[in-house]
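Q: Quick one: this structure, given as structure tokens, is what I'll be asking you about.
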Amino acid sequence: MLMLAKAALGLSAMAAAASAYVFHEGVIRVDVEERRDAGSQVHFWVPATVVSTGMHFMPKERIRHTADKVRPYLPVLREVSKELQKYPEAELLDVTSGSDRVRIAMRGGKLWIDAVSEDGDVVHVSVPAEVLRDVADQLESQAPGV
Amino acid sequence: MTYFRGFLGRTLVVTLVAGSSLSGAALAQGQASQPGSKSDQWIHVRVESKEDHGETVRVNVPMEMAVKVLPAIHQDRLHDGKVRIEGHHMEDVDCQAILDAVRTSRDGEYVTVQSNTNDVRVAKKGEYLYIHVTDKDSGKRSAAKDGKQGANSAAARESKVEVKVPMKVVDALFSAGKDELDVLAALRALSAHGDTELVTVKDDQNTVRIWVDSKNIAD
């Protein structure tokens, strides 16, 4: 009985440690709602670690191809992502035109992009700034000469 | 009981260490982000338009971010934080000589142009260079469009541009040479200068404001 309790405790500790690791970089959240007939509704949450760790397992050729395509923007992406981490709470952009609204802000260390259209379509994206930096770093390492 | 006491002791130590390091970090952050400290400057742009449905644009950019990101942008005439202005008839103008003359001159109005269509005023006062432009034509056009006549109606609709730039920023902007504007150096000079109102554009439909302060939101 004691052995079973110890095993259960060990498993729980492992599960807790695994969860802590998976979620330590936060969560990427994407919500898309189209307010029309047969409009798409997309809602997903992905642990940010999946993206940064997943890039290590992507085919090198594919990453190199992507890095080549975005090469001119990589230095900007690197600097912006690095700087964004210094401003965990900040309103960066707010555009309102009639009922259309686009907001870009940093909240709780995440970059939030919210767009609401006149028709009621809604797009919300939130990405931890750390992930942007990881992606920029990894793409840069595959695009020598940037 | 002994085991429990040991566990309690370790927990207490860990809590104290974590607490003290967190409060230390918070204190350090608080000191780093004191309002008014020049490293915490923000550039704000606000555009308000009454046309159509009404549009508002608010942009808030940390000065430090602008200074770091600008050299990374290489697009058209912008490279390494400098903008090439060749081909804009600058060959015949010695900007440095003009700036030197303005810097060493006493405060006063240097250029005053008054015409039926525009008023332009360039002046130096203290450490600032002022440029004021009034577009009278836009006021007349706007009043005529709405079927209103009279000098008062047109004057109320004139488009006014007011630019107030610290002289040090102007110096930095033209420090790169004849064919280039050193925007990066100008940003650094602006950041060292402190809170300031840079540009105001007003007409009866639109308002544009560009200013620098230590708040991370536009008021």
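The values are calculated or read from the model by the stated rules, or taken from the named source; none is laboratory data. From a predicted model like this one, the values you see are computed outputs, not experimental measurements. We place every Cβ from the backbone using ideal geometry, glycine too, and count neighbours over all the protein chains shown.
Q: Looking for something acidic (Asp, Glu), assigned to a helix (DSSP H, G or I) and in contact (Cβ under 8 Å) with a residue 24 or more places away in the chain - is there at least one such residue anywhere in region A:55-67?
A: Here is the first cut: in region A:55-67, the residues acidic (Asp, Glu) are A:61.
Among the residues that remain, those that are also assigned to a helix (DSSP H, G or I) are: A:61.
Cutting the leftovers down to in contact (Cβ under 8 Å) with a residue 24 or more places away in the chain gives us none.
No - not one qualifying residue is present in region A:55-67.
Q: Tally time: how many residues in region A:104-127 are closer than 27 Å to B:Val208 by Cβ, small (Gly, Ala, Ser) and either surrounded by 18 or more Cβ atoms within 10 Å (Cβ to Cβ) or at the interface with another protein chain (Cβ under 9 Å from one of its Cβ atoms) (or both)?
A: Looking only at that region, the number is 1.
Q: Right, something else. Conditions: (1) surrounded by 15 or more Cβ atoms within 10 Å (Cβ to Cβ); (2) closer than 30 Å to A:Gly39 by Cα; (3) away from every other protein chain (no Cβ under 14 Å). A:Arg101 meets all but one. Number of the miss?
A: With (1) surrounded by 15 or more Cβ atoms within 10 Å (Cβ to Cβ); (2) closer than 30 Å to A:Gly39 by Cα; (3) away from every other protein chain (no Cβ under 14 Å) applied to A:Arg101, the lone miss is (3).
Q: Being modelled with pLDDT of 90 or more, farther than 20 Å from B:Asp40 by Cα and in a helix (DSSP H, G or I) is true for just one of A:Val125, A:Val76. Which residue is that?
A: Values: A:Val125 fails: in a helix (DSSP H, G or I).
Just one listed residue meets the conditions, A:Val76.
Q: Which one of these is surrounded by 17 or more Cβ atoms within 10 Å (Cβ to Cβ), at pLDDT below 90 and more than 14 Å from chain B (Cβ to nearest Cβ): A:Glu130, A:Glu140? Lay out the reasoning, then the answer.
A: Working: A:Glu140 fails: more than 14 Å from chain B (Cβ to nearest Cβ).
So the residue among A:Glu130, A:Glu140 that is surrounded by 17 or more Cβ atoms within 10 Å (Cβ to Cβ), at pLDDT below 90 and more than 14 Å from chain B (Cβ to nearest Cβ) is A:Glu130.
Q: Additional query: It is to be established whether one or more residues within region A:90-113 are under 19 Å from A:Val30 (Cβ atoms) and of a type in the set (Asp, Glu).
A: Checked region A:90-113: no residue is under 19 Å from A:Val30 (Cβ atoms) and of a type in the set (Asp, Glu).
Q: Output the strands (runs of 3 or more DSSP E) that fall wholly within region B:110-201 and possess 2 or more residues being of a type outside the set (Lys, Arg), outside the structural domain of B:Leu70 (by TED's automatic domain parsing) and modelled with pLDDT under 85, or say none. Talk me through it step by step, then tell me what you get.
A: Numbers: elements: B:118-125, B:128-135, B:159-166, B:180-182.
So the answer is none; nothing clears 2.
Q: Quick one: in region B:17-62, of everything that is part of a loop (DSSP other than H, G, I, E, B), more than 10 Å from chain A (Cβ to nearest Cβ) and at pLDDT below 50, which residue is farthest from the chain's Cα centre (by Cα)?
A: Looking at the filtered set, the residue picked out is B:Gln34.
Q: Hey, among A:Glu61, A:Glu79, which residue is at the interface with chain B (Cβ under 8 Å from one of its Cβ atoms) and either at positive phi or not basic (Lys, Arg) (or both)? Break it down stepwise before answering.
A: Numbers: A:Glu61 fails: at the interface with chain B (Cβ under 8 Å from one of its Cβ atoms).
Of A:Glu61, A:Glu79, the one residue that is at the interface with chain B (Cβ under 8 Å from one of its Cβ atoms) and either at positive phi or not basic (Lys, Arg) (or both) is A:Glu79.
Q: State whether one or more residues within region A:7-25 are at pLDDT below 85 and surrounded by 15 or more Cβ atoms within 10 Å (Cβ to Cβ).
A: Yes: region A:7-25 contains one or more residues that are at pLDDT below 85 and surrounded by 15 or more Cβ atoms within 10 Å (Cβ to Cβ).
Here is a yes/no grid of residues against (1) farther than 30 Å from B:Ile217 by Cα; (2) in a strand (DSSP E or B); (3) among the basic types (Lys, Arg); (4) more than 21 Å from the chain's Cα centre (by Cα):
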{"site": "A:Gly10", "(1), (2), (3), (4)": "yes, no, no, yes"}
{"site": "A:Tyr21", "(1), (2), (3), (4)": "yes, no, no, no"}
{"site": "A:Asp31", "(1), (2), (3), (4)": "no, yes, no, no"}
{"site": "A:Ser81", "(1), (2), (3), (4)": "no, no, no, no"}
{"site": "A:Arg101", "(1), (2), (3), (4)": "no, yes, yes, yes"}
